Amino acid sequence: HFGSSALVGAARPFFLNGVAGMVRRSSAASVCSAVAAGCVASHLVAGSSSSVLGQGWVTGPAAGRPSLAERRMPTSTPSVADAAALGAPVVEPPRARGSAVPVSVAVSSVAAFAAATLVGSRRRRAGVSARSARLHLQASMCKESDPPDSVRRKFEAICANAQDRICAAIEEVDGKGKFDREAYTRGEKPGGGVARVLTNGNVFEKAGVNLSVVYSEMPQEALKAATERGVDRVGVKLEPGQKVPFFACGLSSVMHPKNPMCPTMHFNYRYFETDFGLWWFGGGTDITPSYLNEDDMKHFHGTYKDVCDKYDPTWYPKFKKWADSYFFIPHRGETRGLGGIFFDDFNTESQERHLEFSTECLDAVTKAYVPILEKHKDDEFTEQQKDWQQMRRGRYVEFNLVYDRGTTFGLKMLSSGVGRLESILMSLPQTARWQYNHTPEMGTKEEEIMACFKTPREWV
């Protein structure tokens, strides 16, 4: 991998993950030689003597500092290498409980460690395999011609990091379910994606977190779905039938819990570029409860207000109003849920500042959502309350299939060979309900939240 210019900017974390795989499969001699060569290549590629080996392989109480996986992403925008490396899982060599593993960036020491790992006891080898199974070798899906410091690569790395971190947090909450991981390509076309889906867990009926990188040409009708400004966004006059060459990268998620007291949560953060030199960011995070808990809504909205206020105090009220407007179901005269933030065609700041904001919004997903799950995942509920949840999921399906911009854009791109139906429809729940002419009874909890769907409220 180190010979590819596409991987130069992110070679160090990929080296760690690759060694983890070789430890499981290869002989001691091949691992030692590969580790030695990799150390030299990593040093040359990084252009610095402080390689990842010297930063993150110390673990245990005697190490005196957190492991690489425990460090939080900084608020400043990382480089391609750092964005991926800060969230990369750390390969932990087998050790006795409570002990620390000494670190050396010398090739001979690392090679000796690899050999020692392979000749360890069966129990130790099992431990290595279990940990290594959680590591994934994921090369950049961007074109080799995209510079290592391009916004394309930076945003992809930010999304890949967030995908791993959010999936790990949701798995911990669920306690049973695990996210499948399906990496896919687009045939001979550049780009690709990583689909992560959890089903039939303790807490979640279905949860998905999908990363996608797309290079293609957009029909004008697809551009109308991709951005609120439609064809005016291109900046040039298009001839009838003319397509728009573009790049897009995004991370999207929908999580449907089993318990009707736990709300559904959705987020999507994306970056678009056209070959005409235009770029913009879009996205947001929103929540869809079946029953109203005002403290939960204050926490959720307050978390994203805090993020927005760090950049501009006008952003949260603007993006909150935008979410209420965007997630509206015209044929029902009600909103899909209780909102959050939403923005599109966003390029008023520098690209670096937009990257920082997207990073913090993704970082806030688990802060805003996980405490609500922990609070309600074991709440008791009745069959009637479950039926109401299923009816609200029916509204979710209606919005997503008829009005959601991402869904309609994806479906319009299927004919071009870059759309992927399973990823496009991942947001749909496994079960939903449509009950003829149903109206909540006066004075019930169902009527209480229905009033919020009809008339959006301010929560913070």
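The values are calculated or read from the model by the stated rules, or taken from the named source; none is laboratory data. Being a predicted model, the structure only gives us computed values, none of them experimental. Note: ideal-geometry Cβ built from the backbone for every residue, glycine included; neighbour counts use all protein chains shown. Calculation scope for accessible area: heavy atoms of the full protein, side chains included, ligands and nucleic acids excluded. Shrake-Rupley method; radii C 1.70, N 1.55, O 1.52, S 1.80 Å.
Using Cα-Cα distances under 8 Å and only pairs 6 or more residues apart, what relative contact order does segment 304-392 have, in percent?
Working: 50 pairs, mean separation 22.7, N = 89.
Once divided by the residue count of segment 304-392, the mean separation gives 25 percent.
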Problem set entry | Note, ³J(HN,Hα) from phi for segment 180-193, Karplus 6.51, -1.76, 1.60, rounded to Hz, x at Gly and Pro | 5, 10, 10, 8, 9, 10, 10, x, 7, 7, x, x, x, x
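Could you give the length gained by full extension between GLU448 and ASP309, i.e. 0.36 nm per residue of separation minus their alpha carbon distance, to one decimal place? Walk me through the numbers before you get to the answer.
Working: separation 139, 0.36 × 139 = 50.04 nm, distance 3.01 nm.
Full extension of this stretch gives 47.0 nm more.
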Exercise. So what are the ³J(HN,Hα) numbers for segment 159-168, from phi and the Karplus equation (6.51, -1.76, 1.60; θ = phi - 60°), rounded to whole Hz, Gly and Pro as x?
Worked result: 5, 5, 4, 5, 4, 5, 5, 5, 4, 4
Exercise. With a sphere of radius 14 Å drawn around the Cβ of GLU398, what net charge do the other residues whose Cβ falls strictly inside it have (Lys, Arg +1; Asp, Glu -1)?
Worked result: +4
Exercise. Going by average Cβ neighbours within 10 Å, how do the peptides 175-185, 433-443, 158-168 rank, with the highest at the top?
Worked result: 158-168, 175-185, 433-443
Exercise. If the chain between PHE276 and HIS331 were fully stretched, how many nm would it gain, using 0.36 nm times the residue separation less the Cα-Cα distance?
Worked result: 16.1 nm
Exercise. So, in nm, how far is label PHE346 from label LYS178 when the simple model puts each one 7 Å beyond its Cα toward the Cβ?
Worked result: 3.5 nm
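Could you work out the percent of alpha carbon pairs in segment 311-392 separated by over 18 Å, rounded to a whole number?
On the way: 2033 of 3321 pairs.
Tail of the P(r) past 18 Å holds 61 percent of the pairs.
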Problem set entry | Cα coordinate range in segment 287-340, projected on the principal axes (Å, largest first) | 36, 22, 10
For this session: At 1.4 Å probe size, with no ligands or nucleic acids counted, give the accessible surface of GLU374 in Å², nearest ten.
Result: 90 Å²
Exercise. Under the Karplus relation 6.51 cos²θ - 1.76 cosθ + 1.60, θ = phi - 60°, what is the ordered set of whole-Hz ³J(HN,Hα) values for segment 270-286, x standing for Gly and Pro?
Worked result: 9, 9, 10, 9, 10, 6, 8, x, 9, 8, 6, 10, x, x, x, 9, 9
For this session: Could you compute the FRET efficiency for LYS367 and ASP295, with r as their C-beta to C-beta distance and R0 at 25 Å, rounded to 0.05?
Result: 0.95
Problem set entry | Prolate/oblate/rounded call for segment 236-333, Cα gyration tensor, a/c under 1.5 rounded | prolate
Problem set entry | Added length on full extension, which subtracts the Cα-Cα distance from 0.36 nm per residue, GLN242 to GLU441 | 66.3 nm
Exercise. Which order, highest average first, do 261-269, 421-429 follow once you tally other Cβ atoms within 10 Å for each residue and take the mean per peptide?
Worked result: 261-269, 421-429
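Evaluate the relative contact order of segment 240-373 (contact order divided by residue number), counting alpha-carbon pairs under 8 angstrom at least 6 apart; express in whole percent.
25 percent
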